[in-house]
Amino acid sequence: LQSEALAALDSASDAESFEAARVQFAGQKKGALRDIQKQMGSVAGEDRKAAGMRLNEVKKSIEDAVEVAQRRLTGKDSSGADSMFDPTLPGIRPIVGHIHPITQTITHLTEIMGRMGFEAAEGPEVEDPWHNFVALNIPDDHPARDPLDNFYLATAQAAARGEEGTRLLRSQTSTVQIRVMEETQPPIRVISLGRVYRPDDPDATHFPMFHQMEGLLVDANVTMANLKTVLRVFAANYLGDDVEIRFRPSFFPFTEPSVEVDFLWDGTWIEFGGAGMVDPNVFTAVGYDPEKVSGFAFGLGVERLCMRRHGIKDIRDLYSGDLRFLSQF
Ligand code: FA5
């Protein structure tokens, strides 16, 4: 019986033949072993001990063969554990996500400005015309309010008519300047980093959604020299001591005088932000006395800073969602 059982189990090539052999020899109800066990009662007293030992031997070897055959056919032992698992082999590293380069940049910029005493402030991405335009000295008929240059959430016609309740996706973080000044008295020293939206056609340096870092400092006797110092120290910290930057005279409705700030990259001047001294009309709009306070503000493109630091040539790569690109940062 033993050799017959072992041969049958050993040659079982699929689940069916294995199960048939298992039931035939080791089945609990009608198996051959069970039959022999039942007959043990009729063995004469002096032979019973030897017969019992022999039976146990055979039983054990058949049960072992069942186990071996099962493992061979399923890769699992009778407890269901995977016998193919080898804990000494090196593991497969799971794919873990990481922080997006722009988020990393935001953390880095916040840290640099924090060292210069600027605290982070936040404002909503869905704004009203008061914070995005009016308080920033951008009157109703100003071209910057054109529905073609903004993402209005109401209809373009309603926005053009300046109707109550109009909302838009903010086109600049300068909105946060207004919100901070409405709620706080000077001295003020804040930055605000966040998303802004413009219907610009995407190219290597433009994207319809991008980030800005706004800075605002209000105190007594603030000068343009203070502004230039802060921007130069910032640029040297983030881009390196050898970075070349320049200030060009410019115009923004909410600053006077205004400048555009560029850095040199591969022989080309790239604009990375606008800045200037806060316009007296802005101070009046938030309830400050322009005779008593002065201040500077700036708004820098976060993507362009990140691109310059990491040598990224096309802003669209940052938002393609391509992990081969993103996982390099
Ligand atoms: C402004 O948005 C002003 N609010 C900046 C400012 C703040 C001036 C405070 C004075 C005082 P501007 O439209 O130039 O300015 O945008 C600022 C920067 O945002 C640009 O220099 C550029 O770096 C970045 N930027 C503008 N449009 C895009 C775009 N479509 N994609 C990526 N970056 C952009």
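No lab work stands behind these numbers, since they all come straight from the coordinates. Just so it is clear, the model here is predicted, and its values are computed rather than measured. Glycine also receives a Cβ, built like all others from the backbone with ideal geometry; neighbour counts cover every protein chain displayed.
Where does the charge balance sit around A144 when Lys and Arg score +1, Asp and Glu -1, over other residues with C-beta under 13 Å from its C-beta?
Neighbourhood net charge equals -1.
Under the rule of -39500 (n - 2.57) per DSSP H run of 4 or more residues, summed and divided by the residues of the chain, what mean residue ellipticity at 222 nm is obtained, to the nearest 500 deg cm²/dmol?
-12000 deg cm²/dmol
Pairs of lysines 8 or more apart, or on different chains, with alpha carbons under 28 Å: count those in the chain, would you?
19
Indicate, rounded to the nearest 5 percent, the antiparallel portion of the DSSP beta bridges found entirely in the chain.
Rounded to the nearest five, the antiparallel share is 95 percent.
How would M307, M277 line up from fewest to most surrounding beta-carbon atoms within 10 angstrom?
The most exposed by this proxy come first: M277, M307.
Using θ = phi - 60° and the Karplus relation 6.51 cos²θ - 1.76 cosθ + 1.60, list the HN-Hα couplings for segment 86-100 in order, rounded to whole Hz, with x at every Gly or Pro.
10, x, 8, 6, x, x, 9, 5, x, 7, 10, x, 9, 6, 4
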